[in-house]
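This report concerns only the one structure given below.
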Amino acid sequence: MIELVQVSKTFNAGQPNEFTAVREVSFGIEPGRITALRGPSGSGKTTLLGLIGGLTRPSSGRVRLDGRDISALPERFLTELRRATFGFVFQQFQLIRGLTVLENVMLPATPTGRPYAEVRARALQLLADFDLDGRAEARAQWLSGGEAQRVAIARALINDPKVILADEPTAHLDSVLSRQILAIFADLRAQGRSVILSSHDPLVFEFGLVERVVEIRDGQVTS
Amino acid sequence: MNLFRSAWFERQRGLIDYSVANLGRRRGRNLGLFMAYTLLVFLLASVVLYGDALRREARQLLADAPELVVQRITAGRHDLLPDAWLEQLRGLRGVRAAEGRLWGYHYDPAAQANYTLLAPNDAPPAPGQIEIGAALARASGVAVGDVLSLRGFDGKPFAFNISRVFESESELASADLMRVNPADLRAFFGIEPGRYTDLALTVSNPSEVRKVAEKVLDRLPGARVIARDEMRRTYEAVFNWRQGVLLTFLSTIMLAFALLAWDKASGLSAEERREIGILKALGWDTGDVLRMKLWEGALLSVCAFLAGYVLAWLHVFYADAPLFTAVLKGWSVLYPQFSLAPQIDMAQMATLFFLTVLPYVAATLAPVWRAATLDPDEVMRE
Amino acid sequence: MAESIDSQKTQHRMPPVSSRRGSTLAGWALAAGSLALLLILLDSGRLAAVHEAELRQGQTRASLDRLTDPALFTEARYARHASQADRHAAFQDHPLALEHFPAGSLMPPPPP
């Protein structure tokens with residue numbers, strides 16, 4: 001379903017601090033599975049996640065979504081596609097301070113123009129699903145790590161995406177919270193969504209959730 | 001399709017929601033900014049509205065000025081003129097009527113006020129009587145029936161009976177005015193009979209005023225002729241000049257304000273940069289981010305404009321501009337109480353709007369431009 | 001905390017959450033401002049008419065007297081009737097006399 005063909009990403013091309021994060025990577029990801037990108041820090045996992053999800057364009061190569069080349073799409077169409085297809089969960093949660101939990105969760109739905117009441121109802125439902133509806137009016141900066149991570153996941157689900165991309169989802173959580181998050185991912189998988197996560201946390205792989213592992217090292221796929 | 005239900009409208013509303021939330025996050029700062037902004041618009045609009053209204057007022061009054069005023073200049077200074085001049089000009093072709101005006105200034109040390117004394121040709125007061133303006137009555141605390149005593153040119157006191165006080169409505173023209181009998185005025189100022197302060201000419205054909213003025217100068221080489229147009233121009237100049245000074249001053253402040261806003265906003269903080277990155281990563285495109293920022297700037301400035309302009313209008317036309325009265329009054333002891341009539345000038349309002357709102361919106365938008373166009377993957381790498 | 005999330009999905013305990021949108025607030029603020037502006041503009045007609053009547057009375061007097069300079073600068077005689085003042089009036093004491101009263105700073109000498 002998602003296909004990378006000879007994808008490379010170089011930052012600061014032509015300058016002294018030129019850096020190639022991903023080097024001629026090719027692989028495919030089947031829908032409806034939990035795929036993990038495993039590798040040490042600096043191996044290019046985050047960049048790869050960004051390339052898969054259309055957050056950045058490859059310097060060379062192609063990214064295909066359901067057979068359609070998305071690497072050359074104009075920004076507006078790419079964004080529209082990304083909104084509908086992908087939900088992102090960032091390593092640092094990246095919630096907007098000063099906004100409430102509810103406002104944060106509803107944020108990705110703003111450009112879709114869906115009716116407010118509808119989006120709000122869905123957001124409250126998601127928060128309830130994650131046992132957070134009591135925190136709906138809390139400011140984002142008051143949340144604990146576990147709560148913030150769950151809010152981030154709820155936010156990623158607001159547009160009902162087919163694919164969830166999570167960058168190091170357990171990086172800032174203790175074992176208990178980590179297992180909780182992984183259980184949520186299992187739930188999403190059960191709902192028929194695809195989950196692609198990057199991690200080098202052994203707990204993730206011990207949990208028995210991951211169906212396919214892609215090893216990354218120095219910007220290249222090793223297995 | 002109903003506009004209010006369309007996806008486009010919902011999207012814009014969502015963006016505005018974020019803009020307002022953003023403004024609310026730094027409530028203190030934005031409130032202060034709003035108040036300062038409103039004050040600035042208030043001052044600017046007040047000056048413009050007041051100056052224009054005053055100009056219109058003076059123009060209306062001046063409509064009744066004589067078409068030509070003839071003065072005598074001796075050794076470069078104003079001098080009384082003889083009634084022989086009156087005779088000469090009466091016969092001049094194009095002059096429908098000529099009358100000698102008798103008036104002058106009097107300084108009263110007791111009240112420290114300057115008065116204008118006039119002996120009208122039309123329905124003059126009886127000898128010994130005086131008619132005064134309402135401002136004067138107020139300042140001196142006198143009323144009809146009281147006696148007003150003034151020192152004449154020779155130091156001797158003149159006692160006048162106040163026979164009338166002009167109604168308040170005419171204060172702009174009559175605040176310091178005292179009307180007396182011609183004989184009394186001559187005695188008071190020591191002006192001999194057969195002398196006048198100046199002459200007022202009525203011209204039969206208004207387009208001939210220039211020609212008649214030239215003829216007057218021909219006949220009376222020592223004369224100075226003032227046409228009504230020139231009088232009007234004097235006041236235009238006065239008000240334009242004054243307004244110009246104040247406007248320049250205020251516009252400079254406005255500019256400094258915009259620059260300050262720019263300076264504060266430029267060089268986006270790391271926090272703001274991060275947030276824009278998040279929005280983009282969540283699915284907002286560049287247009288959404290920019291529009292959101294635009295709303296942020298526009299909401300604050302448009303609200304400030306509306307508040308400032310409405311307050312200025314109320315200040316000038318309903319409260320009679322107490323702020324400016326204080327400035328304009330200066331050291332005058334006598335000052336007329338007057339109200340001004342409003343007139344809607346859409347062009348002026350629009351100009352004010354663009355001058356105040358545009359710089360601020362630009363100042364809030366410009367720093368964001370660059371960050372809004374960046375690839376959202378930046379937010380992934382921390 | 002270690003329990004599965006599933007068991008909590010059944011109850012929707014939704015506390016009252018405010019539905020106050022920022023855009024609504026903005027809308028009201030703009031509407032209020034615009035309404036105020038509209039009202040004062042509409043009232044200007046009435047004000048102007050009232051003023052017109054007052055002015056006509058004052059005009060009658062000034063037109064009879066033929067002295068039409070508004071009494072705005074009564075601090076000194078040479079400022080009082082700006083349209084009649086001669087060239088020297090503003091500089092009585094010295095050609096470069098800097099203004100010694102506020103109105104003078106607001107009023108330039110009569111044009112040549």
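Here are the numbers for the structure shown:
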item: The stretch B:289-311-the stretch A:93-161 distance, computed between alpha-carbon centres (Å); result: 29 Å
item: Test item: Cα-centred dipole of the stretch A:2-221, Lys/Arg +1 and Asp/Glu -1 on Cβ, debye; result: 420 debye
item: GNM top mover of B:Thr356, B:Thr74, B:Thr248 - chain B, alpha-carbon springs below 10 Å; result: B:Thr74
item: Distance (nanometres) between label positions extended 7 Å along Cα→Cβ at B:Leu358 and B:Glu272; result: 2.2 nm
item: In the protein assembly as shown, lysine pairs closer than 28 Å at Cα, eight or more apart or cross-chain; result: 10
item: Shielding by partners, peptide A:103-111 (average Cβ within 10 angstrom, other chains); result: 6
item: Segment A:Asp66-A:Met1, length gained on full extension (0.36 nm per residue, minus Cα span); result: 22.9 nm
item: Relative contact order (%) - criterion: Cα under 8 Å, at least six apart; region: chain B; result: 27 percent
item: Cα-centred dipole magnitude for the protein assembly as shown, charges only on beta-carbon of K, R (+1) and D, E (-1), debye, nearest 20; result: 720 debye
item: Given chain B, longest segment not containing exposed loop chymotrypsin sites (Phe, Trp or Tyr not before Pro) (DSSP; at most 14 other Cβ within 10 Å); result: B:154-330
item: Phi to ³J(HN,Hα) by Karplus 6.51 cos²θ - 1.76 cosθ + 1.60 over the stretch B:11-17, Hz, x for Gly, Pro; result: 4, 5, 4, x, 5, 5, 3
item: Charge dipole (the protein assembly as shown, unit charges on Cβ, about Cα centre) - positive-most of B:Val70, B:Leu279, B:Gly104; result: B:Leu279
item: Rounded to 5, the percent of DSSP beta bridges in chain B classed as antiparallel; result: 85 percent
item: Residues B:Glu167 and B:Thr351, FRET efficiency given R0 of 51 Å [Cβ-Cβ distance, rounded to 0.05]; result: 0.85
item: Expected 222 nm ellipticity per residue - DSSP helices of 4 or more, -39500 (n - 2.57), all of chain B, to 500; result: -18500 deg cm²/dmol
item: Amide H within-cut-off set for B:Gly194, under 5 Å, with H built and near neighbours excluded; result: none
item: Cut-off under 5 Å, modelled amide H: who pairs with B:Phe158 long-range; result: B:Leu150, B:Arg151, B:Gly152
item: Options B:Leu81, B:Val20, B:Pro127, ranked by Cα towards positive dipole end of chain B, top entry (Cβ charges); result: B:Val20
item: Under the Karplus curve 6.51 cos²θ - 1.76 cosθ + 1.60, θ = phi - 60°, whole-Hz ³J(HN,Hα) for the stretch C:28-42, x wherever Gly or Pro sits; result: 5, 4, 5, 4, 4, x, 5, 4, 4, 4, 4, 4, 5, 5, 5
item: Charge dipole magnitude, Cβ of K and R +1, D and E -1 - chain B, Cα centre, debye nearest 20; result: 380 debye
item: Rel. contact order, % - alpha carbon contacts under 8 angstrom, at least six apart, chain A; result: 30 percent
item: FRET E, pair A:Asp160, A:Glu75, Förster distance 25 Å, beta-carbon r, rounded to 0.05; result: 0.65
item: Considering only the stretch B:81-196, percent of DSSP beta bridges that pair antiparallel, nearest 5; result: 70 percent
item: Label-point separation, B:Ile253 to A:Gln92 (7 Å along Cα→Cβ), nm; result: 4.2 nm
item: Computed E for C:Val50/B:Ala75 - FRET, C-beta separation, R0 56 angstrom, nearest 0.05; result: 0.70
item: Contact order relative to length of the stretch B:81-196, as percent, for alpha carbon pairs under 8 angstrom and 6 or more apart; result: 32 percent
item: Neighbour-limited loop hits for GluC sites (Glu not before Pro), the stretch B:139-229 (at most 14 other Cβ within 10 Å; DSSP other than H, G, I, E, B); result: B:Glu167
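Each reported figure results from applying straightforward, stated rules to the coordinates on display, with no laboratory input. What you see is a predicted model, and the numbers here were worked out from it, not measured in a lab. All Cβ positions, even for glycine, are placed from backbone atoms using ideal geometry, and neighbour counts span all protein chains on display.
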